[in-house]
Amino acid sequence: MELDSIVGFLENKSILVTGATGFVAKKNCNQIGTVFFLVCQLETSVFVEKILRIQPNVKKLFLLLRAGDTKSATQRLQNEMTGKELFRVLREKWASNFNSFISEKLTPVPGDISCHNLGVADSNLREEMWREVDIVVNVAATINFDERYDVALGINTLGARHVLDFAKKCVKLKMLLHVSTAYVSGERGGLIQEHPFKMGETLNGTFGLDIEEEKRVMEERLNELQSEGATQEAITLAMKDLAMQRAKMHGWPNSYVFTKAMGEMVLGHFKENLPLVIIRPTVISSTYKEPFPGWVEGIRTIDSLAVGYGKGKLTFFLGDPESVVDVIPVDMVVNSMIVAMAAHANQPCQVIYQVGSSIKNPLRYSHLQDYGFRYFSENPWINKDGKAVKVGKITVLKTMDSFHRYMAFRYILLLKGLQIVNTAFCQYFRGKYTELNQKIKFVLRLIELYEPYLFFKGVFDDMNTEKLRMVLKASVAEADLFYFDPKCIDWEDYFLNTHIPGIVKYVLK
C-alpha cells in the first residue's frame, strides 16, 4: 500500500455521498412502508467541507438528499449544510464567488437510500452518476438506539445493499467507502479486533441469522399491525419492541448496532471484486482542529451528559468511572476516510479501519465528570430566568443494583405514595401522577438502551488504522493535512477549551 499526493488524487474526481443532511422525514417506499427516520449528518458535512477546502478542483460531489424534487433538495442543502457555520472558512475564502463555487461543485440528488436505485427518479441524473462517479461514500444511517425495526433494517441493512447495487453500475468506480460503527462488536470486552463479519454471523453463538428472514419477520409484523387498524403510535411501539427482540436474540444490545452489523455482512458478501473499505468510528465528538476547533451539530451520547449536567438536570451518573469511553474528533474520522479512499482506490479488497482512541490515548468517564464540573463551575449556564445554574459533584452509581435502589428511594416510592393520594382524592392528582410515571419510564428505557455502554469493558484494536497512519507519514508530504492520530490529543485541554465550549456555542445556543 503506497500513497502519492492525496490532494492530487482528489483532483477531477466525482464522488457520490449519501447521508448528506440530517433530518426527520416521511416517505413511502415498498420496502419499508410509510415511516419516519433520522439520517446522520456530522461526518458528511465535515467530509464535504474538507474536500472542497483542500481540493477546489474536485470535479463534482453528488449529495443524496431526502427531498421530493431538485428545488427542495437544493434548499435543504443550503439550510442544513452549506449555510451553516461549518462552511465559514470556505465562505470567507471564496467571498462573493462562494455560491457559484458551491453550485458548480455540489449536485443535490433527491433520493432515498431505502429504495431501489437510491430512489433517484430523474433518469438523466441517474445515467450521469453511473457515467461519472469515481467513489461512493455511504454515511447514511439511522443512529437511534430505539428505532423501529422497519426503519433500522430499511436504512442500515437494506440501504447498504442499495448503495452497493448502485455503486456497481458506476462504470468508473474506484471504490466504495462505508461508514459503520465500532460498536457493531456488541457488548464484548477486551481487545476488539478489526475483523469483518461473515454472512449470518451472530455474537452469541446461535445459528440462523438470515437477513431475508429478518425482512420477512419485519414485514409480516408490520402488515399484521396495519391490518388490525393499529394506530401509528401503537405500530411504532410494536416495531421498536420487535427491533430490540431480534437484536437481543442474536446477541446485539440494540437495533442500531444489529442492523449496522448486518449492513456490513451484506456489503462483504455481495461486493464481488469491488474495492470496499469499512470505517468503524467510535464516539464522534466536535472538531479538533479543522475547519476550526469545536464545531459540532446535534447532541451525541456523551454530549447529552454535558448538557444535562450544565443545566442542572443531571443528578446522578450511572456507570463505572474507570471505564474507558472511546472518543474521536470528527475531523480525524474524516481524515481517515479520505486517506483510506486514496490508499485503496482500484485495489480489490475488503479492509476494516477502527478509528478511535481507547488503545492510543484512553479517556475515562471520571475524566469527563471532572472536566464537566470544572468547566460549568467557571462558566455556569444561564437559565431562562437569567440566573446562573450552580453545579456540584454528582452522585456516582457504579452498579445497576445501586441505580435501582436510587430510583426506588428517590422516585418510585414517591410515585406509589402519589398513587395512593390520587386515589384518596378522587384522581385530583392524576396529572402529576401520570407525568412522574412517564418520566420514570423514560429514564428506565434510556438506561436499558445505554447500559451496555456505561459499563463497557472493551478497547478497539486499531492495527489496520495504525498501518494506514504509518503509510501516510512515510509516503506523503501532506501528512499534517490529514492528521488522525489520537495520541496528539490533550483531553483536558480539548474538553475544557474546545469540545464543551463548542457544545455551548453550537448546540445550546
Which one is surrounded by the most Cβ atoms within 10 Å (Cβ to Cβ) among residues in the range 455-499 that are among the polar types (S, T, N, Q) and closer than 20 Å to Leu3 by Cβ?
Thr465
Determine the pairs where a residue that is on the phi > 0 side of the Ramachandran plot, located within the range 479-494, has a partner that is assigned to a helix (DSSP H, G or I) and crowded, with 17+ Cβ neighbours inside 10 Å with Cβ atoms under 7 Å apart, the partner being 6 or more residues away or on another chain.
none
Pull up the range 185-242, narrow it to residues that are open to solvent by 70 Å² or more (accessible area, probe 1.4 Å) and of a type in the set (A, V, I, L, M, F, W, C), then point me to the one that is nearest to Ser357 (Cα to Cα).
Leu191
Quick one: which strands (runs of 3 or more DSSP E) lie wholly within the range 302-408 and hold at least 2 residues that are farther than 30 Å from Val136 by Cβ?
316-318, 395-397
Residue under question is Phe258, and the condition is that it be aromatic (Phe, Trp, Tyr) and surrounded by fewer than 23 Cβ atoms within 10 Å (Cβ to Cβ); does it hold?
no
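Do we find that Ala388 is modelled with pLDDT of 85 or more and within 27 Å of the chain's Cα centre (by Cα) in this structure?
Numbers: modelled with pLDDT of 85 or more: yes; within 27 Å of the chain's Cα centre (by Cα): no.
Answer is no for this residue.
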It is to be established whether one or more residues within the range 88-99 are under 22 Å from the mean Cα position of the chain (by Cα), modelled with pLDDT of 95 or more and open to solvent by less than 60 Å² (accessible area, probe 1.4 Å).
no
For Thr157: the one exception among (1) under 24 Å from Ile279 (Cβ atoms); (2) open to solvent by 10 Å² or more (accessible area, probe 1.4 Å); (3) out of contact with any Lys or Arg (no Cβ under 7 Å at 6 or more places or on another chain)
(2)
Does Tyr149 satisfy being open to solvent by 10 Å² or more (accessible area, probe 1.4 Å) and under 22 Å from Pro253 (Cβ atoms)?
no
Considering only the range 476-494, state which residues are touching a strand residue (DSSP E or B) at 6+ places or on another chain (Cβ under 9 Å) and either at pLDDT below 95 or part of a helix (DSSP H, G or I) (or both).
Pro486, Trp491, Tyr494
Go through the residues of the range 361-384 one by one and say whether even a single one is among the basic types (Lys, Arg), surrounded by 15 or more Cβ atoms within 10 Å (Cβ to Cβ) and under 28 Å from Met337 (Cβ atoms).
yes
Of Ser285, Ser304, the only residue that is open to solvent by less than 20 Å² (accessible area, probe 1.4 Å) and at pLDDT below 95 is Ser285
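The values are calculated or read from the model by the stated rules, or taken from the named source; none is laboratory data. Everything quoted here is computed from the prediction, not taken from an experiment. Heads up, the Cβs are rebuilt from the backbone with ideal geometry, glycines too, and the neighbour counts pull from every protein chain shown. Only protein heavy atoms, including side chains, enter the accessible area calculation; ligands, DNA and RNA are left aside. Shrake-Rupley method; radii C 1.70, N 1.55, O 1.52, S 1.80 Å.
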